[in-house]
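Everything on this sheet refers to the single structure shown next.
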Amino acid sequence: MMISVEKCVHCHLCQDKCDFLSKYGIDIGDTEKLKEFAYHCFLCGKCTEVCPVGIDGRGYILDLRRAFAQSNPAAVKRAYKGVFKEKQNYSFRNWSKVTPGSVFFPGCNFPSLFPKTNAEISRVLAEHGIGTIYDCCGKPIAELGDRESEDIIIEDIAKRLRDSGVEEIILACPNCRGHFGDRLGIKVTSIFTKLSELGLGNIIEDDVKFFVPCPDREKRAWIDEIRPFVKGEISFVEGVQCCGLGGCAISKEPEISKAFADKFKDEADGEVMAYCASCTGRLKRNGFDSINHIITVVMGTGENPDTKKSYVNRVLTKFK
Ligand code: SF4
Ligand code: SF4
């Protein structure tokens, strides 16, 4: 049940746990002040997690963005024109290798940062009759509050899948999965589950410390699916709220975004594994080097995120 933001008791727990709220000295319950800063939020969900009353701070801020975008659509499109230009009608879409039955959908950022690993996954899945399609799930547009475009993107992808006879979509990105939810009307599987089913992938003997991406923070469903690939103990980096990429807030709060990587240096104490390409790329870009995506070990590519050529890699997916 959604708890109204008016029930806020101003305990400041959300503020204490969020670098953005603490910078401006506001709680989620400070609704008037929060309106001004809706696009400064990383939509990470930490405030939702810690609220003792059960207020969904992330959902509330997304609603603020939706209300703003509905009454000021041109302003939002102008402020985030790069995002709209690329993602609204995804510029590098490529469905030429769609297969009926099951298909691999790596999203936009995974092939952009891990092109070799993406190619290796596509190669092994193709041996099992599974093709790869390149598209964007639309989450960046949705996070900017453009509800109408969000729905159009989802409906378009669902229709293309239906028309192609796809019954199962295999995802490599926790953002795509969280965003799609059950809205595609077909089976959604993670790449780790599919590799397990096919008996593929390397096993890691050592202990692994994970950074949990925002969309998997609550359920940690991916961890259960990755578990068969890790023989050692699993632990987590708990003290960092976001990689710094969430909510398209980086343009408003570049210092906070950068500071998340600095916090990592204090909290991580050694090598960290992620299972979100965006988190891996953002933390590397912001100077935290001891991180990589676990899929690069599972697939044996040893690839580091290609932060220098990520845009070019994304463009190239159009021609694969
Ligand atoms: S969603 Fe994250 S960044 Fe936004 S207010 Fe909540 S804790 Fe802060
Ligand atoms: S944690 Fe919940 S109750 Fe406490 S200040 Fe934040 S929104 Fe209000």
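At 7 Å along Cα-to-Cβ for each site, give me the label-to-label distance between Ile3 and Asn72 in nm.
The two pseudo-label positions are separated by 3.0 nm.
Within 10 Å, at most 11 other Cβ atoms, and a DSSP state outside H, G, I, E, B define an exposed site. Report the longest part of the chain free of exposed GluC sites (Glu not before Pro). Before the final figure, lay out the partial values.
Details: sites that count: Glu127, Glu205, Glu233, Glu238.
Segment 1-126 is the longest.
Averaging sequence separations of C-alpha pairs under 8 Å and six or more residues apart, then dividing by the length of the chain, give the relative contact order as a whole percent. Could you put the intermediate results ahead of the total?
Details: 552 pairs, mean separation 62.5, N = 320.
Computed over the chain, the figure is 20 percent.
Can you tell me which lysines have their Cα less than 24 Å from the Cα of Lys17? Leave out same-chain residues fewer than eight positions away.
Within reach: Lys7, Lys33, Lys35, Lys46, Lys209, Lys219, Lys252, Lys258, Lys263, Lys265, Lys284.
Which aspartates and glutamates have a Cα less than 15 Å from the Cα of Lys308, not counting those fewer than 8 places away in the same chain?
Asp289
What number, in percent, do you get for the relative contact order of segment 5-71 if the mean sequence gap of Cα pairs under 8 Å and at least 6 apart is divided by its residue count? Before the final figure, lay out the partial values.
Working: 78 pairs, mean separation 22.4, N = 67.
Over segment 5-71, the number comes to 33 percent.
How much mean residue ellipticity at 222 nm does the chain get from its helices, if each DSSP H run of length 4 or more adds -39500 (n - 2.57) and you divide by all residues, to the nearest 500 deg cm²/dmol?
Working: 18 runs with 147 residues, N = 320.
Rounded to the nearest 500, it is -12500 deg cm²/dmol.
Report the Stokes-Einstein translational diffusion coefficient (µm² s⁻¹, integer) for the chain, Rh taken as the Kirkwood radius over Cα pairs, at 25 °C with viscosity 0.890 mPa s.
Working: Rh = 20.3 Å.
The calculation lands on 121 µm²/s.
Using a ≥ b ≥ c from the Cα gyration tensor of segment 119-230 (square roots of the eigenvalues), is it rounded, prolate or oblate, where a/c under 1.5 gives rounded and otherwise the larger of a/b and b/c decides, a/b for prolate? Before the final figure, lay out each step's value.
Values: a/c = 2.47, a/b = 1.32, b/c = 1.86.
It comes out oblate by the Cα gyration axes.
Report, to one decimal in Å, the Kirkwood hydrodynamic radius for segment 201-298 based on all distinct Cα pairs. If you can, show how the numbers build up before the last one.
Numbers: mean 1/r = 0.0731 Å⁻¹.
Taking the inverse mean of 1/r over all distinct Cα pairs, segment 201-298 comes out at 13.7 Å.
Mind checking which of Lys252, Lys219, Lys46 has the largest fluctuation in a GNM of the chain, springs on alpha carbons under 10 Å?
Comparing Lys252, Lys219, Lys46 in the GNM, the peak value goes to Lys219.
For segment 1-144, give the magnitude of the charge dipole about the Cα centre (Cβ charges: +1 Lys/Arg, -1 Asp/Glu; no others), in debye to the nearest 20. Don't skip to the end; give the middle numbers.
Numbers: 19 positive and 15 negative charges, 125 e Å.
Roughly 600 debye for segment 1-144.
Starting from the 7 Å offset along Cα-to-Cβ, what nm value, one decimal, do you get for the label separation of Ala119 and Asn89?
Output for this residue pair reads 3.1 nm.
Would you mind telling me which residue in Asn292, Asn89, Asn72 has the biggest mean-square fluctuation in a Gaussian network model of the chain, where springs connect alpha carbons within a distance under 10 angstrom?
Asn72
Restricting to Cα atoms and excluding each atom paired with itself, what does the Kirkwood estimate give for segment 5-71 in Å?
Kirkwood hydrodynamic radius for segment 5-71: 11.6 Å.
Over the chain, with a Gaussian network built from C-alpha contacts below 10 Å, which listed residue (Arg78, Arg285, Arg58) shows the highest mean-square fluctuation?
Looking only at Arg78, Arg285, Arg58, the biggest GNM fluctuation is shown by Arg78.
Could you give the nm distance between label points at Phe319 and Ser96, where each point is 7 Å from its Cα heading toward the beta carbon?
Distance between label points: 1.0 nm.
Sorting Leu171, Leu125 on the 10 Å Cβ count, fewest up front, what's the list?
Numbers: Leu171 25, Leu125 22.
Least crowded to most crowded, the residues run Leu125, Leu171.
If R0 is 35 Å, what FRET efficiency do you get for Asp163 and Ala221 from their C-beta distance, rounded to 0.05?
Working: r = 29 Å, r/R0 = 0.82.
The formula returns an efficiency of 0.75 here.
Quick one: which residues, 5 or more positions from His293 or on another chain, have an amide H under 5 Å from its amide H? H modelled 1.01 Å from N in the peptide plane, none for Pro or chain starts.
Ala274
Which aspartates and glutamates does Lys23 reach when only Cα atoms under 19 Å apart count, and residues fewer than 8 places away in its own chain are ignored?
Filter leaves Glu32, Glu36, Glu253, Glu255, Asp262.
Roughly how big is the chain's charge dipole about its Cα centre, with Cβ charges of +1 (Lys, Arg) and -1 (Asp, Glu), in debye to the nearest 20? Don't skip to the end; give the middle numbers.
Numbers: 45 positive and 45 negative charges, 257 e Å.
Magnitude of the dipole: close to 1240 debye.
We did not get these values from a lab; they are worked out from the coordinates using the rules stated. Note that this is a predicted model, so its numbers are computed, not measured. Don't worry about glycine lacking a Cβ; one is built from the backbone with ideal geometry, like all the others, and counts go over all protein chains shown.
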